[in-house]
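Just below is one structure, and these are the notes that go with it.
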Amino acid sequence: MIGLKRIGEMARLMVGQPPYEAYLAHMRQHHPDRAPMGRVEFFRDREEARYGGRNGGKCC
Amino acid sequence: MLKHIPWILLAIVGAVCLAVLATVRGEAVNALWIITAAVSVFLVAYRYYALYIARHVMRLDPARATPAHYRADGLDYVPTDRRVLFGHHFAAIAGAGPLVGPVLAAQMGYLPGTLWIIAGVVVAGAVQDFMVLFISMRRDGKSLGELVRTEMGPVPGTIALAGAFMIMVIILAVLALIVVRALAESPWGMFTVAATVPLALLMGVYTRWIRPGRIGEVSLLGFVGLILAIVYGQSIAASPYWGPIFTFTPVQLCWILIGYGAVASVLPVWLLLAPRDYLSTFLKIGAIAALAIGIVVMAPPLQMPALTQFVNGGGPVWSGSLFPFLFITIACGAVSGFHALIASGTTPKLIASETDAPFIGYGAMLMEAFVAIMALVAASILDPGIYFAMNSPVAITGGDPASAAAAVTAMGFPVSAETLAQTARDVGEHSIVSRTGGAPTLAVAMAEIFSHAVGGPAMKAFWYHFAILFEALFILTAVDAGTRAGRFMLQDLIGLAVPAFRENSSMWPGLVATGLCVASWGFFLHQGVTDPLGGVNTLWPVFGISNQMLAAIALMLSTVVLFRMKQQRYAWVTVVPTVWLLICTLTAGTLKLLSSDPAVGFLAHARRFSDAAARGEVLAPAKSMAEMQAIIFNDRIDAALCALFLAVVLSLLYFTVRTCLQSLWDPNPSVREAPAHALPAA
C-alpha cells in the first residue's frame, strides 16, 4: 500500500511541488559545479512555474 | 487461463448490474447498482483494453527512457512514483465539468447518462487521455499545439491553437456563470466565498514570509478559516445589516467576477492564486472521497425515473433531443478534450517508466468518470420535482415556490410548494427555485448524503454551503489560472502576426492580452447572466460542443500518429471514438446553427426576434426594443462561434485524412519521436 510519506509527496505534487530532495540529489550527481537553489528558492521557482500560466490551465 | 477467472466474474457482475439498470422500470432502483456496474466495467476495461492498447497499439517499451530520465532536471522533469503521479494527474483533470454535466443530463433520466459515461470513457475519453500522454511522452513532453504542428504541419497547428483559445474562453465563461447562478441572492454562500479572498491573501503572506514552503500547515490553517466562514456565514446572512451587503443580483455578481478575474490574474501568483489552489485542490479531493464513501454508506434509492419524456427533446434544463445533445452535455466525465492539454502538460515530463502510462493516462480518466457517475447519482436521488424546480429557468417556473410547483407538477413530476419552500429552509437559502447551473442541485444532494452520515438534518444547511463553497472555490481558481493560460495562448497567437507581442520584457503585451482574455469570457458571461433562459441553456451546449471538438482533434492527432508509426491496422482504437465524436459534434453544431426550432437553433431564434422587432413587437422575455436587439446580437455571436468551431474541426479533419494518406503511401514510418534512449541502470 501507499505510505504516509508518499501521500505527503502526492499532496505536494498535486499543487506543483516536486520533492526538493530529488532536486538536490540530481544537482549533486549531474551538476556538482553549480550551487543548487535553497529550499525556499526552489519552492518559489516551482510556484512560479506552476501558476505563471505557461504550463497551461487546469481542467474544467 | 486461471488468472482470468476473477476478471470474468467481475465482468459478469458488471453485466448483471447493467442488465438490472436497463430493465427495471417503475420501482426504486438502488444507486449501488450504478456504482457497482461502473466500477466493474472500469476495472475490466483497464485490465484488458488499456493493456491491449499499451502492448499492441503503442508497444510501450519498459526499457526505453522517458523524458523524466533523459532530460532530468529535478524541476520539470522528475521520475515520479506512479501512485504519486496518478494523484497529480487526477487532481489536474478533475474539475467542475464532470460534476455539472451529469447533473444537467439527469433531465433525461439516469439511464442515458449512466450508459454514455460508462461506454464513453472506456472507448473514447480514457483512450484519448492515454494516447495523448503516450504521444507527448515520446516527444520530450511537448504540448498539444506543438504536437499537432510537428506531426501534421504548421497550418493545422495554428488552427488547433486558435481553437484551444476559443474553447478556453467558453469554459471560463460557463464556469463563471455557474458561480453566478450559485451565489446570486445567497448572502451565506456569497459571504463564505468572499471570505476565501482575504483568507487566501493571509495564506499567501504566510507562505511568502512567515513559513515559506509549508503547504500542509498553511492549508490546515486555511481549512479552519473556511469552516469558520461557513459557520459564521449563517449569522452574517441573517443579520439585517450584513445580510443585504452580501446579497447580489446576478448582473452585479457578473461584474464582480469580471473585475475579480482581471485583478486576480495580474497579481503575483504567490499572493492569491497559489494559496487558493491549495485549498481548492485538497478540498476537491477530500469532497470527492467523502462523496464516494457517503453514497456507499447511505446506499440511496434513485428517485429520478430511468428515462423521462424529455429524451425526445423539449426539456426545460437544456434543449434538444437525446441524440446528439446528451453526448455534448456530458462532456467531461465521458470524454473531455481539455484533458489533452493536461496529458501533454506536466504529466508526461514526470512519468518514470513507459509502462506507467496506462495507469496514469487511462486509469485517472476512469477515476474522473467515476466522479461523473457519482454526480449523476447525486442528482438522481433527489425528488424529481425538486430537481426540475431547481433546474428550470425562471421563464418556466415563474420564480416562486407556488408557480414552480404548479409548473413542475404539470410536467408530470408532482411536488408541492411547501416541499420547495421547506427544502430551501433546510439548506439555508431564500429559495431553491430556478437555481440553474447544476452546482446548487449537486449541493442539495451532497447535503442530503453528508447529513445522513454526519450531523443529521440539522447539519444540512452547513453541508449545503460546504458543497457550494467547494465548487465555487475551484471554479474561481480555474478562472484565475485559465485567464493566465489564455493570456499566453493569445500572446502566442497574436505574436504570429506581430512578433513584438510575444515579448515579455515589456508589461504591455501581457496586460493587453489579459484584458482581451477577460473581455472575451466576460462578454459570454454577461450574455449568459442576462439570458432570459438562464444562460446555462445557451452556453453549456456551446461549451460541450467545443470541448468534444477538442477531443476529436486530439483523437485525430492520435490517429495520424498511429498511421505514421505504421500501426494503422490498430487505428480503429482512435478512429472509432473520433468518428462518434465527429458525428455528435457536427450534428449538434449544425443543429445549433441551422435548426428551424428557435429553442435549438441560434439563427432561428435570432430570426424570430428580428422579425418581431421589424413589426415593432417586443417578445417576452425581452422588455424593450434594446433588449430585443441584445438577444438578436447574442444569438448571432453564438451562431458565429458554432460556425467557427465547425470550420476548425472540419479543416483539421481534412489535414488528418491528408496526413494519413501520405503516410500510407510512404513505405517507412514517419513519426517524429524523440530519439530512443536506453533507460539508465538503476
Quick one: is B:Thr308 more than 14 Å from chain A (Cβ to nearest Cβ), surrounded by fewer than 23 Cβ atoms within 10 Å (Cβ to Cβ) and under 30 Å from B:Leu147 (Cα atoms)? no
Lone qualifier among B:Gly544, B:Gly589 - being within 29 Å of B:Asp638 (Cα to Cα) and at pLDDT below 95: B:Gly544
Which listed residue is at the interface with chain A (Cβ under 9 Å from one of its Cβ atoms) and polar (S, T, N, Q), from B:Thr36, B:Thr114, B:Thr80: B:Thr80
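To keep it simple, each residue is scored yes or no on (1) closer than 27 Å to B:Leu221 by Cβ; (2) not in a loop (DSSP other than H, G, I, E, B).
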residue	(1), (2)
B:Ser235	yes, yes
B:Gly243	no, yes
B:Gln252	no, yes
B:Leu257	yes, yes
B:Gly261	yes, yes
B:Val266	yes, no
B:Val269	yes, no
B:Ala274	yes, yes
B:Tyr278	yes, yes
Please find, among B:Leu525, B:Leu582, the residue that is under 21 Å from the mean Cα position of the chain (by Cα), under 14 Å from B:Pro324 (Cβ atoms) and not small (Gly, Ala, Ser). B:Leu582
Against the definition (touching a helix residue (DSSP H, G or I) at 6+ places or on another chain (Cβ under 7 Å), part of a loop (DSSP other than H, G, I, E, B) and more than 10 Å from chain A (Cβ to nearest Cβ)), how does B:Leu75 come out, yes or no? no
Going by the structure shown, is B:Gly213 within 12 Å of chain A (Cβ to nearest Cβ), of a type outside the set (A, V, I, L, M, F, W, C) and at positive phi? yes
Within region B:189-198, is even one residue in a helix (DSSP H, G or I), more than 14 Å from chain A (Cβ to nearest Cβ) and surrounded by fewer than 16 Cβ atoms within 10 Å (Cβ to Cβ)? yes
When (1) in a helix (DSSP H, G or I); (2) farther than 22 Å from B:Ile53 by Cα are applied to B:Val579, the one that fails is (2)
Inspect all residues belonging to region B:205-216 and state whether any of them is aromatic (Phe, Trp, Tyr), surrounded by 21 or more Cβ atoms within 10 Å (Cβ to Cβ) and part of a helix (DSSP H, G or I). no
Take the residues in region B:396-414 that are buried (at least 17 other Cβ atoms within 10 Å of the Cβ) and at pLDDT below 95; name whichever of them is farthest from B:His430 (Cα to Cα). B:Ile396
Please pick out the residue among B:Gly153, B:Gly141, B:Gly120, B:Gly109 that is over 22 Å from B:Lys284 (Cα atoms) and within 14 Å of chain A (Cβ to nearest Cβ). B:Gly141
Exactly one condition in (1) within 20 Å of the chain's Cα centre (by Cα); (2) free of Cβ contacts under 8 Å to residues at least 40 places away in the same chain; (3) more than 14 Å from chain A (Cβ to nearest Cβ) is false for B:Leu291; which is it? (2)
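The values are calculated or read from the model by the stated rules, or taken from the named source; none is laboratory data. Nothing here was measured: the structure is a model prediction, and the numbers come from that model. Don't worry about glycine lacking a Cβ; one is built from the backbone with ideal geometry, like all the others, and counts go over all protein chains shown.
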